[in-house]
Amino acid sequence: MSIIEIKNLTKSFLQGNNKINILNELNLVVPLASKIGIVGQSGSGKSTFLSLMSGLDKPDHGQILVNNNDITKMSEEALTEFRAKNLSIVFQQYHLVAHLTALENVMLPLEILDHNLSKKSIKDKAIELLNEVGLEKRLSHFPSQLSGGESQRVAIARALITTPKVILADEPSGNLDLETGTRVMNLFMTIIDKYQITTLLVTHNPELASLCQSVYKLNHGKFEKIK
Ligand SMILES: Nc1ncnc2c1ncn2[C@@H]1O[C@H](COP(=O)(O)OP(=O)(O)OP(=O)(O)O)[C@@H](O)[C@H]1O
Ligand SMILES: [Mg+2]
């Protein structure tokens, strides 16, 4: 069973008078609960692809079906709700909120969502996830007081708190030293497997790509299956 189907996805940017095609009639089917690695040279369009997947940018044409809903056709409002309920993003640069503690950062996505959970249960869930990533002693640290690896683990816990169906990750270990990156990413992969979350993982790290069921190389605007 597939959760994501991408059909003829095309995206270009205008560079002066020149139209540069970054993604060119791209197709992809992603099976439910699978981990898909995406590799490709710098500038090949990996981040562009993820921003279309997250609905933050629109394609020239093509479809992105998530559970049979075409996110390219949704209104801003519908998309915001859809994203909050179904998608989480983990970036290379963590993007933690500077004036919130680690615990508050993790609680935030669930507090924004429309639901009837009490503050206490959100807090308990955030603490549980921070425990899971080994940060139970860092709950009240602010982002400036965390190391790179700790910050990324907070970002991972934050991505998980809404129990998303899909996680989009853009070079999540890119800012960490090899050893820390590998440790944090192994943890990330274990948690993803545990919660059966479908994951699209952009990475330059071959070891990380090898942990995925399938790996696609973005080349001249198309996906080439290399694993
Ligand atoms: N808003 C924009 N306007 C014009 N060109 C853009 C824009 N965003 C991206 N590009 C171009 O699109 C191409 C793909 O960029 P993208 O960031 O997707 O590459 P990438 O594969 O993620 O590279 P990296 O591995 O370095 O992160 C680049 O040549 C970039 O200059
Ligand atoms: Mg990129």
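The values are calculated or read from the model by the stated rules, or taken from the named source; none is laboratory data. From a predicted model like this one, the values you see are computed outputs, not experimental measurements. A quick note on method: Cβ atoms are made from the backbone with ideal geometry, for glycine too, and the neighbour counts reach across all protein chains shown. All accessible areas refer to the heavy atoms of the entire protein, side chains included, with ligands and DNA or RNA removed. Shrake-Rupley method; radii C 1.70, N 1.55, O 1.52, S 1.80 Å.
Structural remarks
- Applying the condition of being touching a strand residue (DSSP E or B) at 6+ places or on another chain (Cβ under 6 Å), within 16 Å of ligand 2 (Cβ to nearest atom) and among the hydroxyl-bearing types (Ser, Thr, Tyr) to region 48-72 and asking which residue is farthest from VAL202 (Cα to Cα) yields SER54.
- Candidate set from region 209-226 (those that are assigned to a loop (DSSP other than H, G, I, E, B) and buried (at least 17 other Cβ atoms within 10 Å of the Cβ)); member that is farthest from the chain's Cα centre (by Cα): GLY221
- With respect to (1) in contact with a helix residue (DSSP H, G or I) (Cβ under 9 Å, 6 or more places away or on another chain); (2) in contact (Cβ under 8 Å) with a residue 24 or more places away in the chain; (3) charged (D, E, K, R), the lone exception for LYS7 is condition (1).
- Cross-chain or 6+ apart pairs with Cβ under 7 Å, region 204-225 first and free of Cβ contacts under 8 Å to residues at least 40 places away in the same chain, then of a type in the set (Lys, Arg): GLU224/LYS217
- Hey, ARG138 at pLDDT 95 or above, farther than 24 Å from GLN196 by Cα and either of a type in the set (A, V, I, L, M, F, W, C) or surrounded by 13 or more Cβ atoms within 10 Å (Cβ to Cβ) (or both) or not: yes
- Those helices (runs of 4 or more DSSP H) lying entirely in region 6-123 with at least 3 residues within 12 Å of ligand 1 (Cβ to nearest atom): 46-53
- Neighbours by Cβ (under 6 Å, 6+ apart or cross-chain): first from region 40-69, in contact (Cβ under 8 Å) with a residue 60 or more places away in the chain and open to solvent by less than 70 Å² (accessible area, probe 1.4 Å); second basic (Lys, Arg) and within 16 Å of ligand 1 (Cβ to nearest atom): GLY40/LYS46; GLY40/LYS217
- Contact map, region 113-127: first residue modelled with pLDDT of 90 or more, second residue not in a helix (DSSP H, G or I), Cβ cut-off under 7 Å, separation 6 or more or different chains; pairs are LYS125/ILE161; ALA126/ILE161; ILE127/LEU139.
- Hits in region 146-182 - residues which are in contact with a Ser or Thr (Cβ under 9 Å, 6 or more places away or on another chain), open to solvent by 20 Å² or more (accessible area, probe 1.4 Å) and in a helix (DSSP H, G or I): GLY148, ARG158, THR180, THR182
- Remark: pairs (first residue in region 80-109, farther than 26 Å from THR203 by Cα; second residue small (Gly, Ala, Ser) and surrounded by 20 or more Cβ atoms within 10 Å (Cβ to Cβ); Cβ separation under 6 Å; 6+ apart in sequence or on different chains) = LEU103/ALA126; MET107/ALA126.
- Qualifying residue in region 194-208 (condition: closer than 13 Å to LYS35 by Cβ, open to solvent by 20 Å² or more (accessible area, probe 1.4 Å) and within 16 Å of ligand 1 (Cβ to nearest atom)): no
- ASN186 vs. criteria at pLDDT below 95 and touching a Gly at 6+ places or on another chain (Cβ under 9 Å): no
- Residues located in region 1-47, provided they are among the polar types (S, T, N, Q), closer than 25 Å to ASN68 by Cβ and within 17 Å of the chain's Cα centre (by Cα): SER34
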